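The values are calculated or read from the model by the stated rules, or taken from the named source; none is laboratory data. Just so we're clear, the structure is a prediction, and the values are computed from it rather than from any experiment. Ligands, DNA and RNA are excluded from the accessible area calculation, which covers all protein heavy atoms including side chains. Shrake-Rupley method; radii C 1.70, N 1.55, O 1.52, S 1.80 Å.
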Amino acid sequence: MITLLLAGQARVGKTTAATYISNYAKKQEYKPVILPFAQAIKDAASQAGLDKDTNPEEYRKFCQTLGEGKRKENPDHWVDKFKEKWLELYEKDKLASQSEDKIWKETVVIVDDCRYLNELNLGKQLGAKTILISRGSRKIQDQDAAWRNHESESMANEYENGNKDYQDIFDYIINNEGTKEDFHHKLKDRLPLWLDATPFSYTDCDCVGCQKMKKDEKMTIEEFFEGLFEDEEED
């Protein structure tokens, strides 16, 4: 089973990415499942008659209040709830892979709302590929709103504000600063790696080009030739 963990500020494009990844994975004969950390919170909001699209502010306030309350009782409350669901999917995928009655389609778990360090740490323990979607040079909706100071935004805010302790804690960075088509193109380029469809991984290579790809940074001419000469010296 493959797990992809998406982090980033609210409204930066995590849901857009999750939808694209799900559609791509399905076309490649995988079995995609979108499993948010906040699924239990979303279910509670739905039961309370709140909808993200029709009552965005009430919905957000309800989810944040419920989330905070349970985390004060137990910081890992929602993480534990998520792990239970993940393990259920893991066991189903394992059984399906061993069945001779039907063609097995590997499950791809797409987590579109990694917001806390304990969530990120669990993802790493489960072998997930961790991906932060950054706003880059783009100004996102409500970027300066007061609710952006909520604890659920802290991890992504630390990255965006340049805190050096947060720059290298993710496997991949994608800057969503262009058009939707540009964003989709970046996802498409990386998905064969994320879905283990290629034996090569940029995270395992220390060359300048691969590390630039990992951080979604452009390589200068100087860096290109520097890497080229390093390769020749190794040969």
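General observations
- Value at 222 nm in deg cm²/dmol, rounded to 500, when DSSP H runs of n ≥ 4 in the chain each add -39,500 (n - 2.57): -15500 deg cm²/dmol
- Comparing Thr107, Thr19, Thr130 in a Gaussian network model of the chain, where Cα atoms under 10 Å apart are tied by springs, the biggest mean-square fluctuation is seen for Thr19.
- In this structure, the residue pairs whose Cα-Cα separation is over 20 Å, taken from Lys27/Lys81; Lys129/Lys188; Lys14/Lys186; Lys85/Lys129, are Lys27/Lys81.
- Per residue, in Å², the accessible surface of the stretch 1-97 once ligands and nucleic acids are set aside, probe 1.4 Å: 56 Å²
- Between Lys81 and Asn157, full extension at 0.36 nm per residue minus the direct alpha carbon distance yields a gain of 24.9 nm.
- Accessible surface of the chain, 1.4 Å probe, proportion on carbon and sulfur as whole %: 48 percent
- The orientation-averaged projected area of the convex hull spanned by the Cα atoms of the stretch 1-134 comes to 8.9 nm².
- Kirkwood hydrodynamic radius of the stretch 65-215, from the reciprocal of the average inverse Cα-Cα distance over all distinct pairs: 17.9 Å.
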